[in-house]
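Scroll down for the structure; my scribbles are underneath it.
The values are calculated or read from the model by the stated rules, or taken from the named source; none is laboratory data. All values derive from a computational prediction rather than experimental measurement. Don't worry about glycine lacking a Cβ; one is built from the backbone with ideal geometry, like all the others, and counts go over all protein chains shown.
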Amino acid sequence: MTRATRRWFARSVLAALLLVHLGAFWAYGLYQQQFAFLAAWREGQDAFRHGQLEDAAARLREFADGYRRAIQPLLLRSDYPEESQAWAALGQVEQRRGQLRPAADAYARAGALGSAAAWRERQELLWQLGDARALQQQGEQRLARGGGETLPAYQDLAAAAWCRGDAASAVRYWETALQQLPAWLRQQGRPARAADGGLTDEAMNLHLLAGTAAWLAGDVARGRHHCALLAAAQDPEARADGLCRAAAARAAGNTAAVAGILATTPLAGAAQAALAAALTAATISPSGR
């Protein structure tokens with residue numbers, strides 16, 4: 001090996017070592033930056049556990065907003081939550097604070113990142129807000145994605161129709177969701193029937209919503225159909241058709257029975273709460289006007 005070759009080789013080794021050291025310093029610096037930024041997540045979680053909701057919201061929003069910048073050009077830490085978790089956690093805190101619109105927006109960010117649970121939470125909030133437009137948009141977006149989002153998309157669209165005052169359209173969307181339910185259950189790796197061979201909880205809930213809304217829309221035949229299927233499938237010792245029975249009583253003009261049934265009927269979710277409220281209010285126009 002000539003002197004020039006040895007000199008070139010030494011310089012190459014020195015340059016490689018320098019690059020390795022510079023890379024190590026860079027990686028260490030990035031690691032430390034990500035560690036420091038992770039404090040916002042930990043402090044937000046800790047504040048939430050201690051009931052300090054305003055501080056929790058501020059720290060979690062800081063973390064969620066800065067998440068993508070913090071992990072660029074690559075994430076070196078293994079203890080970071082997913083970005084969807086960050087937005088979902090912020091939604092939970094905002095919801096607990098009673099800030100429903102910011103909570104719905106945070107859940108939308110989490111849902112767009114793949115969290116099905118966040119979409120469900122957002123749907124509940126939009127029911128409470130009566131935001132037909134946002135529910136319609138969410139349903140259309142999820143319907144376009146297809147797959148496992150088709151069933152909940154029709155539930156979004158039913159909620160949007162109900163919030164517009166169009167009970168008849170809400171019934172049709174819930175019936176479409178019932179048609180989609182077997183395929184959705186297969187996608188979830190679940191049997192099409194309950195363990196006892198009866199209707200699944202999802203099917204019973206959809207029959208309850210469709211039947212009650214049909215009664216309120218003045219569609220007696222549809223109301224009786226869905227409510228009869230639910231009544232036949234329910235546990236006689238834990239009846240689930242309270243809203244259906246109250247709607248039938250209302251249609252018969254028996255307001256005292258409506259109040260008595262609702263007083264002993266547990267409600268699960270914003271949809272059932274909305275139907276219960278309608279049973280004690282003015283009748284919804286079947287045409288949606």
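Can you go through Gly269, Gly242 and tell me which one is within 22 Å of Cys163 (Cα to Cα) and modelled with pLDDT of 95 or more? Working first, answer last.
Working: Gly269 fails: modelled with pLDDT of 95 or more.
Answer to the selection: Gly242.
Output yes when any residue across region 216-234 is in a loop (DSSP other than H, G, I, E, B) and without any contact (Cβ under 8 Å) to a residue 40 or more places away in the chain, and no when none is.
Taking every residue of region 216-234 in turn, at least one turns out to be in a loop (DSSP other than H, G, I, E, B) and without any contact (Cβ under 8 Å) to a residue 40 or more places away in the chain.
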Review point. In this structure, is Ala58 modelled with pLDDT of 90 or more and assigned to a helix (DSSP H, G or I)?
Key: yes
Here the qualifying pairs (Cβ atoms under 9 Å; residues six or more apart or on different chains; first in region 98-123 and at positive phi; second surrounded by fewer than 23 Cβ atoms within 10 Å (Cβ to Cβ)) come out as Gly114/Glu82; Gly114/Ser84
Flagged in region 90-107 as under 15 Å from Asp65 (Cβ atoms) and surrounded by fewer than 22 Cβ atoms within 10 Å (Cβ to Cβ), in numbering order, are Pro102, Asp105
Note on Thr176: of the conditions (1) at pLDDT 95 or above; (2) surrounded by 20 or more Cβ atoms within 10 Å (Cβ to Cβ); (3) of a type in the set (S, T, N, Q); (4) farther than 17 Å from Ala273 by Cβ, unmet is (2)
The condition from (1) assigned by TED's automatic domain parsing to the domain that holds Glu94; (2) over 14 Å from the mean Cα position of the chain (by Cα) that Gly114 misses is numbered (2)
